[in-house]
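Colleague: Please find one structure pasted underneath; my questions will follow.
The values are calculated or read from the model by the stated rules, or taken from the named source; none is laboratory data. Everything quoted here is computed from the prediction, not taken from an experiment. With ideal geometry, Cβ positions are generated from the backbone for all residues, glycine too; neighbour counts draw on all protein chains shown.
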Amino acid sequence: MTSVDTATRRARQHAGPAWMIMALACACQFMVILDSSIVNLALPSIREDLGFTATGLAWVVNGYLLTFAGFMLLGGRAADLVGPRRMLVAGLLVFSASSLVGGLATAAEVLVAARVAQGVGAAMMAPATLAVINTSFTEPNARAKAFGMWSAAGGVGGMAGAIAGGAITTGLSWRWVFLINVPIGAVLIAVAMAVLAGTRTGRREPLDLAGAITGTAGLAALVFGVMQSADHGWSSALVAGPVVAGLLLLVVFTVVQARFAAVPTMPLRLFRSRAVAVGNGMLLLFGAIPIAMWYFTSLFLQNVLGHSALQAGLGQTPAAVTFLVIARWAAPLLPRTGARPLVLAGSACFLVGFGWLAQADAASGYLAGVLGPTLLVAIGIGLTFPTLMAAATADAPEGDAGIAGGLANTAGQVGGAIGLAVLATAAGTRAASEAGGRLSPASLAAGYDLVFLLAAGLGLAIALVSVLLPRHRFTRSPHLQESSVSGGRPLP
């Protein structure tokens, strides 16, 4: 047994209660995902107060998403090197401080800079929460439950943002969309310092500087170029340039990891596990599914059926509750059924649900055209998301738990960014072709229906790729056998 293993086992004996560790991980994930959507309904007020241009206003959203996706791999590796406790606390500090700056901002540039910093904090927090789960819950059933709760927390965070953003902006001010993170962050920092005292597994090893620079810059350039496509088209130099540069940097990053890095930022040995390799590939495909579900369904409710933003958020609440219940219920099935049956069941829900949504038009009511299919899609997300996250991280060695979590989060975020750009372009092109010069609810519905058909196609692609998943049921991995004796913990 190594000294790290011995220290880890000794530390776990002094860790906080399982329910507090799980609550902390879920609360952090909820806050990270909440802030990717809560600002959307506050954008008109922000533009009016701070004098944003239309192009500049988009960076209140994009600045966060860009650094969140771009720094995730680095955040995951740092969690392995310095320990998930330190990385989570540092991420909470960065996130809370930048939220304070954003809430007090009196200039557009200050708010955008604060959102960029928020994204960095989120990229530190998200993989650290997965590392906490992987190192704290090593017994298969407990870990599966933990993944289900963590996944549900993120999904509900995204949905809650659509409701809370409108309510906070209307009842208080857009500034409280950011300021509310400050007291919450302070509480979570105190909890993390107390209950994660025994989960530190950090190692004194050098940071792979070349890998960190090329990997982070490559991901950031790729996501930036994809984000630009909605405004400039895929053939524009503003899109093609960053995308090509990002891909080239990622090639350099891979070469550095394979041949030159003494302690790689992303150890390529992780991909020797079929579950890790296929799981991350499927997360890349899956990333666009929640976008089609929450974002474009919200637009359909508002722009086609005429609902207000708050009504649209409330209209999606049944699906959010369904997702929460299914994710919590389905995740414990993973050790018994394996990943493939759950993914196939989820893909079937995507096919039927999105196929049903694609039939909706301006004459469809909420009950007949939206509620039923969104419940089906929510069931599919609840079955699929925690399963893929478990598949993509379960076989990673404990010392690589942070980077495995960062890689899985990165795959989902990059898939979502690419998916949003492609789906938004498809919807706009179809709506314009149907409009005959003037957009109408009917032409917009045609664009959204195309998005839902494409999402159904992604569900089919996920089902086909799932045949590559290993048949094992994610029972305890060999490298976790010894630590599970003292470190495995049940969940309430």
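Colleague: Is there a residue in the stretch 281-300 that is farther than 28 Å from Ala160 by Cβ and either surrounded by fewer than 24 Cβ atoms within 10 Å (Cβ to Cβ) or modelled with pLDDT under 80 (or both)?
Modeller: Just the residues of the stretch 281-300 that are farther than 28 Å from Ala160 by Cβ, to begin with: 281.
So of that shortlist, the ones also either surrounded by fewer than 24 Cβ atoms within 10 Å (Cβ to Cβ) or modelled with pLDDT under 80 (or both) come out as 281.
Among the residues of the stretch 281-300, at least one is farther than 28 Å from Ala160 by Cβ and either surrounded by fewer than 24 Cβ atoms within 10 Å (Cβ to Cβ) or modelled with pLDDT under 80 (or both), which makes the answer yes.
Colleague: Spot the failing condition for Ala394; the list is (1) of a type in the set (A, V, I, L, M, F, W, C); (2) at pLDDT 85 or above; (3) under 30 Å from Ile21 (Cβ atoms), and only one is missed.
Modeller: (2)
Colleague: Determine if the stretch 355-363 includes at least one residue that is of a type in the set (D, E, K, R) and over 25 Å from Ala391 (Cα atoms). Spell out the reasoning first.
Modeller: Here is the first cut: in the stretch 355-363, the residues of a type in the set (D, E, K, R) are 361.
Subset that is over 25 Å from Ala391 (Cα atoms): 361.
Checked against the condition, which is being of a type in the set (D, E, K, R) and over 25 Å from Ala391 (Cα atoms), the stretch 355-363 yields at least one hit.
Colleague: Name every residue in the stretch 109-135 that is at pLDDT 75 or above and of a type in the set (S, T, N, Q), in order of residue number.
Modeller: The initial filter retains those residues of the stretch 109-135 that are at pLDDT 75 or above, namely 109-133.
Answer for the stretch 109-135, where residues must be at pLDDT 75 or above and of a type in the set (S, T, N, Q): Gln118, Thr129.
Colleague: Check Leu344, Leu371, Leu351 and return the single one that is without any contact (Cβ under 8 Å) to a residue 60 or more places away in the chain and out of contact with any Asp or Glu (no Cβ under 8 Å at 6 or more places or on another chain). I'd like the intermediate steps shown before the answer.
Modeller: Values: Leu344 fails: without any contact (Cβ under 8 Å) to a residue 60 or more places away in the chain; Leu351 fails: without any contact (Cβ under 8 Å) to a residue 60 or more places away in the chain.
Of Leu344, Leu371, Leu351, the one residue that is without any contact (Cβ under 8 Å) to a residue 60 or more places away in the chain and out of contact with any Asp or Glu (no Cβ under 8 Å at 6 or more places or on another chain) is Leu371.
Colleague: Something else: Check Leu324, Leu367 and return the single one that is of a type outside the set (D, E, K, R), farther than 20 Å from Val465 by Cα and surrounded by fewer than 17 Cβ atoms within 10 Å (Cβ to Cβ). Quick ask: steps written out before the conclusion?
Modeller: Numbers: Leu324 fails: surrounded by fewer than 17 Cβ atoms within 10 Å (Cβ to Cβ).
Sole residue among the options that is of a type outside the set (D, E, K, R), farther than 20 Å from Val465 by Cα and surrounded by fewer than 17 Cβ atoms within 10 Å (Cβ to Cβ): Leu367.
Colleague: Is it the case that some residue within the stretch 261-273 is in contact with a helix residue (DSSP H, G or I) (Cβ under 7 Å, 6 or more places away or on another chain), within 27 Å of Ile381 (Cα to Cα) and surrounded by fewer than 22 Cβ atoms within 10 Å (Cβ to Cβ)? Full working, then the answer.
Modeller: Keep residues of the stretch 261-273 that are in contact with a helix residue (DSSP H, G or I) (Cβ under 7 Å, 6 or more places away or on another chain), which gives 261, 264-268, 270-271.
Okay, now just the ones that are also within 27 Å of Ile381 (Cα to Cα), so 270-271.
Okay, now just the ones that are also surrounded by fewer than 22 Cβ atoms within 10 Å (Cβ to Cβ), so 270-271.
Taking every residue of the stretch 261-273 in turn, at least one turns out to be in contact with a helix residue (DSSP H, G or I) (Cβ under 7 Å, 6 or more places away or on another chain), within 27 Å of Ile381 (Cα to Cα) and surrounded by fewer than 22 Cβ atoms within 10 Å (Cβ to Cβ).
Colleague: Which of the residues that make up the stretch 324-354 are at pLDDT below 85 and closer than 22 Å to Ile33 by Cα?
Modeller: Leu324, Val325, Ala327, Arg328, Trp329, Ala330, Ala331
Colleague: Any residue at all in the stretch 177-184 that is modelled with pLDDT under 75, in contact with a helix residue (DSSP H, G or I) (Cβ under 7 Å, 6 or more places away or on another chain) and either assigned to a helix (DSSP H, G or I) or not polar (S, T, N, Q) (or both)? Outline the logic, then answer.
Modeller: Within the stretch 177-184, the first condition is being modelled with pLDDT under 75, and the residues that meet it are none.
Checking the stretch 177-184: not a single residue is modelled with pLDDT under 75, in contact with a helix residue (DSSP H, G or I) (Cβ under 7 Å, 6 or more places away or on another chain) and either assigned to a helix (DSSP H, G or I) or not polar (S, T, N, Q) (or both).
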